[in-house]
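Peer 1: Before I ask anything, let me first share the structure, which is written out below as structure tokens.
The values are calculated or read from the model by the stated rules, or taken from the named source; none is laboratory data. A quick note: this is a predicted structure, and the numbers were derived from the prediction, not measured. Glycine gets a Cβ as well: all are built from the backbone with ideal geometry, and neighbour counts include every protein chain shown.
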Amino acid sequence: MTYKRRQAYRRGHQAEWLAAIMLQLKGYRIAARRYKTPVGEVDLIARKKDLIVFVEVKARSSHQTALDSVNTTTQRRIDAAAMWWLGRQPDAGQLNWRFDVITVAPRRWPRHFTDVW
């Protein structure tokens with residue numbers, strides 16, 4: 001693994017850690033981190049009562065560029081992985097869900113965008 005690739009990997013882990021802390025402070029319980037399936041991956045899956053939140057975490061130089069980097073391909077990948085996860089939950093019929101994005105920029109607080117798609 002190259003130096004730049006290692007740095008990006010570490011930055012991604014740090015951003016996901018910050019996002020998880022932020023969600024916990026808002027009253028969410030983290031159900032899964034880096035949930036991998038054959039059809040895609042979800043960075044964080046959080047739960048608050050009967051609401052499941054599938055979260056994509058993006059670390060970029062600004063919040064706007066991070067939000068802009070969540071394109072339709074990324075959304076489809078996360079959507080497929082989310083449906084995979086929901087299909088394995090015994091109480092899936094009673095759950096509501098949404099897709100959020102948390103952006104992380106250097107020397108700024110993370111921002112939580114709810115119900116992005």
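Peer 1: I'd like the full set of residues that are in contact (Cβ under 8 Å) with a residue 60 or more places away in the chain and of a type in the set (A, V, I, L, M), limited to region 86-115.
Peer 2: Ile102, Val104
Peer 1: For region 7-19, does any single residue satisfy the condition of being surrounded by fewer than 13 Cβ atoms within 10 Å (Cβ to Cβ), out of contact with any Cys (no Cβ under 8 Å at 6 or more places or on another chain) and assigned to a loop (DSSP other than H, G, I, E, B)?
Peer 2: no
Peer 1: Additional query: Just a yes or no: is a residue in region 26-49 hydrophobic (A, V, I, L, M, F, W, C), part of a helix (DSSP H, G or I), out of contact with any His (no Cβ under 9 Å at 6 or more places or on another chain) and surrounded by 13 or more Cβ atoms within 10 Å (Cβ to Cβ)?
Peer 2: no
Peer 1: Additional query: For Met83, are the conditions met, namely being loosely packed, with under 12 Cβ neighbours inside 10 Å, of a type in the set (A, V, I, L, M) and free of Cβ contacts under 8 Å to residues at least 24 places away in the same chain?
Peer 2: no
Peer 1: Please verify whether Gly27 is of a type outside the set (Lys, Arg) and at pLDDT below 90, treating the condition exactly as stated.
Peer 2: No: the conditions fail for Gly27.
Peer 1: Here's something else I'd like to know. Test Val70 against the criterion of being in contact with a strand residue (DSSP E or B) (Cβ under 9 Å, 6 or more places away or on another chain), in contact (Cβ under 8 Å) with a residue 12 or more places away in the chain and either surrounded by 21 or more Cβ atoms within 10 Å (Cβ to Cβ) or among the aromatic types (Phe, Trp, Tyr) (or both), and give yes or no.
Peer 2: Here the answer is no, as Val70 does not meet what is asked.
Peer 1: Go through region 50-67 and count every residue that is surrounded by fewer than 17 Cβ atoms within 10 Å (Cβ to Cβ) and part of a strand (DSSP E or B).
Peer 2: Qualifying residue count, region 50-67: 1.
Peer 1: Go through the residues of region 15-25 one by one and say whether even a single one is over 19 Å from Asp115 (Cα atoms) and touching a residue at least 40 places away in the same chain (Cβ under 8 Å).
Peer 2: Within region 15-25, one or more residues are over 19 Å from Asp115 (Cα atoms) and touching a residue at least 40 places away in the same chain (Cβ under 8 Å).
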